[in-house]
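Structure, as structure tokens:
The values are calculated or read from the model by the stated rules, or taken from the named source; none is laboratory data. As the structure is a prediction and not an experimental result, all values here were calculated from the model. Here Cβ is always computed from backbone atoms with ideal geometry, including for glycine, and neighbour counts include all displayed protein chains.
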Amino acid sequence: MRVVIAEDQVLLREGLTRLFQDAGHEVVASTGDADGLLRAVRTRDADLVVVDVRMPPSFSDEGARAATEIKQTYPSVGVLVLSQHIETTHAITLVALGGFGYLLKDRVLDVDEFLAAAQRVAEGGSALDPQVVASLISLPDQKDALAGLTDREREVLELMAQGLTNTGIARRLFLSERTVEAHVRNLLMKLDIPTDGSGHRRVLAVLAHLSATQAH
């Protein structure tokens, strides 16, 4: 996997570079600002971009805007956005483009999970931070929409929204895949979400449901 890293904190940028290299991936460029990121993506053949939401000069949403531009111009490039705090607006908007991940920075400390999420995004899948998903599901507006779900179905829903497959959910919850399939089928029916989707389309269905109920 060929990776471009955009992070203004030098220590974190170097740490991410070492993390990917130690895992056998190639870091083809690293930069401390959004302009440098866009130049690198234009000139390097990257599979994955890892970018901080807030970057120079204003430290507001330069990274998120660069991520949007990259996904619109180079849709096959996976984009993994890192953030210090939960910012659901960018997460909901960008995940609809596919090949996108949004994680809080402390997720990097769980190296195996972080690398798995990065690989999933590079392959066109999704990876949404558990805290972002939990914040969406816990909103007051979600209570009526999710009231009919069992506790286990809510657990499965959260993992679906993070981008995990049925196999991944089964491993995380120590369940059989058949049991997970049953929970997924039941919760999608209860939420009136089409059950014929898989992978990224399934994540989009869940997030579309959550964002729609959030708006009402």
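Anything in segment 1-32 that is in contact with a strand residue (DSSP E or B) (Cβ under 7 Å, 6 or more places away or on another chain), touching a residue at least 24 places away in the same chain (Cβ under 8 Å) and farther than 21 Å from Arg120 by Cβ? List them, or say none.
Of everything in segment 1-32, those that are in contact with a strand residue (DSSP E or B) (Cβ under 7 Å, 6 or more places away or on another chain), touching a residue at least 24 places away in the same chain (Cβ under 8 Å) and farther than 21 Å from Arg120 by Cβ turn out to be Asp8, Ala29, Ser30, Thr31.
Collect the residues in segment 70-89 that are at pLDDT 90 or above, assigned to a helix (DSSP H, G or I) and surrounded by 15 or more Cβ atoms within 10 Å (Cβ to Cβ), keeping them in residue-number order.
Ile70, Lys71
Take segment 148-188 and flag every residue that is assigned to a loop (DSSP other than H, G, I, E, B), buried (at least 20 other Cβ atoms within 10 Å of the Cβ) and small (Gly, Ala, Ser).
Gly163, the sole residue that qualifies.
Being within 18 Å of Lys105 (Cβ to Cβ), crowded, with 20+ Cβ neighbours inside 10 Å and free of Cβ contacts under 8 Å to residues at least 60 places away in the same chain is the filter here, so list the residues in segment 40-62 that pass it.
Across segment 40-62, the qualifying residues are Val49, Val51, Asp52, Val53, Met55, Glu62.
Give the residue, chosen from Leu12, Leu37, that is more than 19 Å from Arg107 (Cβ to Cβ), assigned to a helix (DSSP H, G or I) and under 22 Å from the mean Cα position of the chain (by Cα).
Leu37
Which residue out of Leu94, Leu104 is at negative phi and either among the aromatic types (Phe, Trp, Tyr) or modelled with pLDDT of 85 or more (or both)?
Only one candidate passes the filter, namely Leu104.
Just to be sure before I move on: is Gly197 surrounded by 13 or more Cβ atoms within 10 Å (Cβ to Cβ) and modelled with pLDDT of 85 or more in the structure I sent?
no
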